[in-house]
Structure formats: structure tokens, C-alpha cells
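To keep things clear, I will list the structure first and then write my remarks on it.
The values are calculated or read from the model by the stated rules, or taken from the named source; none is laboratory data. Since the model is a prediction, treat every value here as computed from it, not as a measurement. Quick reminder, even Gly has a Cβ in these numbers, built from the backbone with ideal geometry, and neighbours come from all protein chains shown.
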Amino acid sequence: MKQAKLADHKGQRVHMVGIGGSSMSGLAQMLVHDGFTVSGSDSADSYTLAFLKEMGLDVRAGHHPQMVAGAGLLAYSAAIPEDDPERVEASRLGIPQMDRAVLLGQIMEASKSQICVCGTHGKTTTTAMIAQVFTDLGFDPSVHLGGSLEAIGGSIRVGKSGLFIAEACEFNRSFLHMPVTLAALLNIEEDHLDCYGDMAHVEAAYLNFLERLPQDGALITLGSDPRVRRVVSRLKPMRRRMVTFGEDAGFDYSFGDLRYDSLGNARFGFVFASQTLCQVSLRVPGKYNALHALCALAVAHQQGLPIQAAADRLAHFIGAHRRFEHTGTVQGMELYHDYGHNPAEMRAAISMARLQGRRVIAVMQPHTYSRVKTLFEDYLTCTQEADITLVTDIFAAREKDPGDISTPMLIEGMHRHSIQAYHTPGFDETEAWLLQNGQPGDLVLTMGCGNINLLNDQMNAHARRTQTTV
């Protein structure tokens, strides 16, 4: 079937199924800015739907096939199957359909240059850092994030400079639809094997993405990652600029005197070709955020930005929402949330928490049955640095329960690794456990890309109501 073209539907209505997602809602706003009428639906009501309604969009919770009639194009997220009632109705009416990734790629094609950040984890934070630096320094980029950033007022920004900064997601090979002139590759680790099958196919997809770079493009990679090095070594010879970043002095960009303050926030010299170009002070904790900042500054330097000014703006970066985000204090416990949804990301988030010197209670919401089955052994040890681990039921997302994997199986495996782990199936059980067993001064870190962040909201809301009635 011939791929639909967004340009052919200029001035028409685009109906978006799954519009409540962070990416889809951002694309909806970009479409409105470009003169399209937008309507949409999502599985449940949310803050995002309320925001879009305030913009004047016709968006509704639930399935509404009757909304499809009259639309010029239907866009859908990866979580929406072909038998979704609205997609079925679009097929019946002969209305063209477009995957979210294709839509994003076609929007990006209107820009002269594109900075894309890819990798298994760290994409949102690194993209957000780059976006904040370029925006604050007046370069007026367009931005598309998988999260929300206060500095740009949400998950997207529409600029006029012809530069587009985007998070390039590998899930379902989405990034293969994106144009790119500068690529930053952070890491390649096991994830999304439900759609790739094995790591050989994952690496092949990254190689295909990097080969989209033009002759005069640029590539910035984590020099210490063996899979990254292997993929880069397979690139066809071209005149692209290729530089590395990492902890070791042998990389093109590296740290000078990396150290941490009492909250775990990094301080370091930004070193290029053995010369310290500036000093960097961050307001986000941990080695991983230091590496994200190193990459962001490498991008800025490669793009010709004044590097001291870039470092100064990075000093104001306080993180994207749902990335080791402090969400409140309940009974003296400090609540944090992190979007990390595979074992490597969870391990990284816990390492940030440890830097504060508190007792750490990790609350894990495993995401999708297929991921838990594929990375089962890694899940059993990824919270070893936490003092206590609570594990909720598995968040199904786009999947159905296969009946052969469950949270009790994870708990049993964690116990074999001497992890103090407990099964707290839902938010009410988890909150009750924390209120009964948590102590003032604890750091409670909820982790997952499902709806586990709502536990933080629930606990904060209950605490506020309790204070009001006292």
C-alpha cells in the first residue's frame, strides 16, 4: 500500500488514536501549529487530554469510531492494533492511515537539519539537555521529546530556525523514519526484543539508522560501549564527522576531575582533545547524567555554540519530568519517580538515589510480559543497590497476559539473590506498605514507564488531605 503523505492533507482534519501519549500529544500540537485541524481519542482520561481540550481540540476517552468520518488522515501510535474500532472504521471509509513514527518523520523533513539522540536509555534526558541549551542560547529550534521539559513548556517546541532536535526511539524501528544530520548514539543494550527477536537485529537497526546520515553529517558516540563500537565499525566509509565521548581520557570528549556534591550532582571539566574548554556544574545527580551532559555539550561544540555559555545554561537544567524527578515528601519520606523501564535503566536510577546517602526503597512496576520474560535474570538483580524492593503487578501495556510470567516469580528470584523484596500488587497495597514500614529520611523511588507515577500523585494527594483535616 502506498504510504500516505502529510503534505497531501494540508488544511484537513487529522484524527489521532492514542492522542494521550507524550509523543502523540506533542505531534497534535505541532499539527495544529501547521494549520491542521486535530481530533483524537485515548483509552482513558488524563491530564494530557484535559490540556488538549483546553486548546480547543475535540478529544475523548474511549473508542469513538463515529469521530473518524470526515477526517482526511488517521494517525495512530504503536500501541494501537489494526482491529482498533477507529482504525477499522477508517479502513471502511477509505481514509489513509499513518503510524506515529512516520508522522514525526514527515514533520521533521520540513527542517533543514535534524539532531537526533538515540540509544537504549538516556535519550529523553540528553535530548532535553540539548534542547534547553539551544533554546536558551537563542537558536530557536523545533523540539520533540518523549517527556516534558519545563524549559520549553512541555514535550514539543515549534521554532523557526530550520533546526529540529528529536529523541529517536528504536522501538518498532521507529527511528528509521526520521531524517538526521547529526546523530548522538548513547548506548545499545538489550531491550525491545519482542519486536527485534535478538540483539543482532537490534544492532542492524541502529546501523540502518546511522546510514541515514548524509555525507556532511556528524556522529557522536559513547566510546566505551562495545555494541556501539561494533555498529560504528560497520558503517560504510563516508566523509561524516565522527567523534567519541566517555569517561576515559582517550575519547575525543571526556571528563576532567569528575566529582560529586552532597546531593550527588556532578562537577567536571569539559575536555576536548586533551584541553579543558570549560567547567560544568549540574543540578541533576549521578554518573549517567554526567555522561548525558558530556554528550549534550559535545553536540553543542560540534554545532559551533559558545561552549562556556552552553555549560552555563546546562547548569540550570533540572531534568525532564519522570526522569529521577522529586515529586514530594510524605511522612518524612522523599518521593522520586523515574521512567526507567528496563533493568539497566532501573539500576542507573538506583545508583543516583544511593548518592544521597539515604535508605533507598525501590518500587518497581515491571513493564510488559515480553520484556520481563526476555530480561528476567537482569530484573532479579537490578535493584541490588536498594535497601528494600517493592514490586507491583506487571503492567501489560499493549500485551495480553500469557499466563507463564508473574511478579511472584520475580520476587522468588530476587530472594535467591538476597534482595529484600515484597510483592505489593497495586497502588493501594504499595502505599499501605510504605506508610506502615517507611521511615523519615527514606528515599522512595518508583520506577517504570507505565502508570506507576500515579502512585506518587496518590500518596501526595492523601498526605495533603490528611494535613488539611488535622
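Odds and ends about this structure:
- Considering only residues in region 422-434 that are among the aromatic types (Phe, Trp, Tyr) and part of a helix (DSSP H, G or I), the one that is surrounded by the most Cβ atoms within 10 Å (Cβ to Cβ) turns out to be PHE427.
- Flag if MET242 is part of a strand (DSSP E or B) and surrounded by fewer than 18 Cβ atoms within 10 Å (Cβ to Cβ): yes
- Pair list, Cβ under 6 Å, 6 or more apart: region 8-31 residue of a type in the set (Gly, Ala, Ser), other residue part of a helix (DSSP H, G or I) and surrounded by fewer than 24 Cβ atoms within 10 Å (Cβ to Cβ): GLY20/THR48; GLY20/LEU49; SER25/THR48
Each row is one residue, and each column tells you yes or no for (1) under 19 Å from GLN132 (Cα atoms); (2) touching a Lys or Arg at 6+ places or on another chain (Cβ under 7 Å); (3) part of a helix (DSSP H, G or I).
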| residue | (1), (2), (3) |
| --- | --- |
| MET238 | no, no, no |
| SER262 | no, no, no |
| PHE270 | yes, no, no |
| LYS287 | no, no, yes |
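- Among the residues listed as LEU390, LEU375, LEU355, the single one being surrounded by 16 or more Cβ atoms within 10 Å (Cβ to Cβ), among the aliphatic types (A, V, I, L, M) and modelled with pLDDT of 95 or more: LEU390
- Only one of the numbered conditions (1) in contact (Cβ under 8 Å) with a residue 40 or more places away in the chain; (2) closer than 18 Å to SER23 by Cα; (3) crowded, with 18+ Cβ neighbours inside 10 Å is violated by PRO141, and that is (1).
- Counting only residues that are part of a helix (DSSP H, G or I) and modelled with pLDDT under 90, region 146-181 holds 5 of them.
- All positions within region 1-20 that are of a type outside the set (A, V, I, L, M, F, W, C) and crowded, with 22+ Cβ neighbours inside 10 Å: HIS15, GLY20
- Taking (1) aliphatic (A, V, I, L, M); (2) part of a strand (DSSP E or B); (3) crowded, with 23+ Cβ neighbours inside 10 Å in turn, ALA296 satisfies each apart from (2).
- Taking region 372-413 as the range and being polar (S, T, N, Q), in a loop (DSSP other than H, G, I, E, B) and within 16 Å of GLY340 (Cα to Cα) as the test, the residues that pass are THR381, THR383, GLN384, THR392.
- Where helices (runs of 4 or more DSSP H) sit wholly within region 51-145, those with at least 2 residues that are among the β-branched types (Val, Ile, Thr) and touching a helix residue (DSSP H, G or I) at 6+ places or on another chain (Cβ under 9 Å) occupy 100-108, 123-136.
- Extreme residue, surrounded by the fewest Cβ atoms within 10 Å (Cβ to Cβ), among residues of region 435-455 that are part of a loop (DSSP other than H, G, I, E, B) and in contact with a Phe, Trp or Tyr (Cβ under 6 Å, 6 or more places away or on another chain): GLY450
- Number of the condition not met by ARG230 [criteria: (1) in contact with a helix residue (DSSP H, G or I) (Cβ under 6 Å, 6 or more places away or on another chain); (2) assigned to a helix (DSSP H, G or I)]: (1)
- Looking only at residues of region 35-50 that are part of a loop (DSSP other than H, G, I, E, B) and surrounded by fewer than 13 Cβ atoms within 10 Å (Cβ to Cβ), we find that the one that is farthest from the chain's Cα centre (by Cα) is GLY35.
- Flag if ALA344 is in contact (Cβ under 8 Å) with a residue 12 or more places away in the chain, crowded, with 22+ Cβ neighbours inside 10 Å and within 23 Å of the chain's Cα centre (by Cα): no
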